[in-house]
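The values are calculated or read from the model by the stated rules, or taken from the named source; none is laboratory data. It should be emphasised that the depicted structure is a prediction, and the values quoted were computed from it without experimental measurement. We place every Cβ from the backbone using ideal geometry, glycine too, and count neighbours over all the protein chains shown. Accessible surface is based on the protein model in full, side chains and every heavy atom, while ligands, DNA and RNA are left aside. Shrake-Rupley method; radii C 1.70, N 1.55, O 1.52, S 1.80 Å.
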Amino acid sequence: MTLIPYLFFDGTCADAMQFYAKVFNGTLPAMQRWSEMPPNPDYPITDEQKNRVMHARMDSKDFSLMGSDGTPGNEQKGGNISLSLNFDDLAEGEKLFNMLSSGGAVETPLTDMFWGAKFGQFTDKFGIDWSFNIALTPAAATT
C-alpha cells in the first residue's frame, strides 16, 4: 500500500507542483487542466476555470504528491493536516527546510529538541503546512 497526500490549492497548483518538483528533484508525470476535460453540460467550466489544474502528480525518489486547484465551483482551501518529513541527514534536512520555507511563514525554526532531533514547522508560500524532524540520535529517527 502507498499513501500519497493530495493537496488542494486555489489557482496555484501548477506553480506549487513545479516548486515541489524542483525542491525534491522530482518529475511531473501528470498535469491536467480543466480545459482538457471533455465538455459536460452538467459541469460547465468557465473561461476563468479552464486553466486551473484538475490533477497533478509529482514523483520524487522517496515519495509522491498529488494536487489540484479543486473542482470548479467547489474549490477546497487548506485544512487540518501537516506534511511531516523525517531525516537522518542534518545537512539535507536543513537544506530542504530552507528551500521549502522560503517565501512562507516559519512557525518554529529548526531547533534542538529534547527527543534528540532538530524540529521545525512552517507554512509554505502555497499555504501547505510542513513539519521537519531531523534525527540527531538513533532513537529520534522513530519519533
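Residue by residue, the range 17-30 carries 3J(HN,Hα) couplings of 5, 5, 4, 5, 4, 5, 4, 9, 6, x, 10, 10, x, 9 Hz when phi is fed to the Karplus relation 6.51 cos²θ - 1.76 cosθ + 1.60 (θ = phi - 60°); x denotes Gly or Pro.
Treating r as the C-beta distance of Asp10 and Ser84 and R0 as 25 Å, the FRET efficiency rounds to 0.60.
Summarising the strand pairing of the chain, around 75 percent of its internal DSSP beta bridges are antiparallel.
Per-residue 3J(HN,Hα) values for the range 45-54, derived from phi via the Karplus relation 6.51 cos²θ - 1.76 cosθ + 1.60 with θ = phi - 60°, read 10, 6, 4, 5, 7, 4, 8, 6, 7, 7 Hz in sequence order (x marks Gly and Pro).
The Asp112 and Phe63 beta-carbon pair, evaluated with R₀ = 41 Å, returns a calculated FRET efficiency of approximately 0.95. Considering the chain as a Gaussian network with a 10 Å cut-off on Cα pairs, which listed residue, Ala14, Ala91, Ala30, attains the greatest mean-square fluctuation? Ranking Ala14, Ala91, Ala30 by mean-square fluctuation puts Ala91 first. Counting only heavy atoms of the protein chains and using a 1.4 Å probe, Phe63 has close to 60 Å² of accessible surface.
Here the 3J(HN,Hα) profile of the range 95-111, calculated from phi with Karplus coefficients 6.51, -1.76 and 1.60 at θ = phi - 60°, is 4, 5, 4, 5, 5, 5, 7, 4, x, x, 10, 7, 8, 10, x, 4, 9 Hz, Gly and Pro shown as x. Highest GNM mean-square fluctuation among Pro29, Pro41, Pro109, for the chain modelled with Cα contacts below 10 Å: Pro41. Per residue of the chain, the DSSP helices (runs of n ≥ 4 H) give a summed -39500 (n - 2.57) that works out to -5500 deg cm²/dmol at 222 nm. If you roll a 1.4 Å probe over the heavy atoms of the protein chains, what accessible area per residue do you get for the chain, in Å²? Here the per-residue accessible area is 60 Å². For the pair Ala30 and Ser131, what calculated FRET efficiency results from E = 1/(1 + (r/R0)^6), where r is the Cβ-Cβ distance and R0 = 22 Å, to the nearest 0.05? Efficiency, rounded to the nearest 0.05: 0.25.
Loop-located trypsin sites (Lys or Arg not before Pro) in the range 1-93 (DSSP state not H, G, I, E or B) with no more than 12 neighbouring Cβ atoms inside 10 Å: Lys61, Lys77. Just how far, in whole angstrom, is the range 1-56 from the range 91-137 if you go by their alpha carbon centroids? Cα centroid of the range 91-137 versus Cα centroid of the range 1-56: 26 Å apart. Nonpolar atom fraction for the chain, defined as the carbon and sulfur part of the 1.4 Å probe accessible area, stands at 52 percent. Taking Asn25, Asn51, Asn80 as the candidate residues, the one with maximal mean-square fluctuation in a Gaussian network model of the chain, Cα springs under 10 Å, is Asn80.
Each Lys and Arg adds +1 at its Cβ and each Asp and Glu adds -1 at its Cβ; summed about the Cα centre, the chain shows a dipole of about 140 debye. Could you check what % of the DSSP bridge pairs in the range 1-76 are antiparallel, to the nearest 5? So the antiparallel bridges in the range 1-76 amount to around 75 percent.
Across all directions, the average flat footprint of the convex hull enclosing the Cα atoms of the chain is 9.9 nm².
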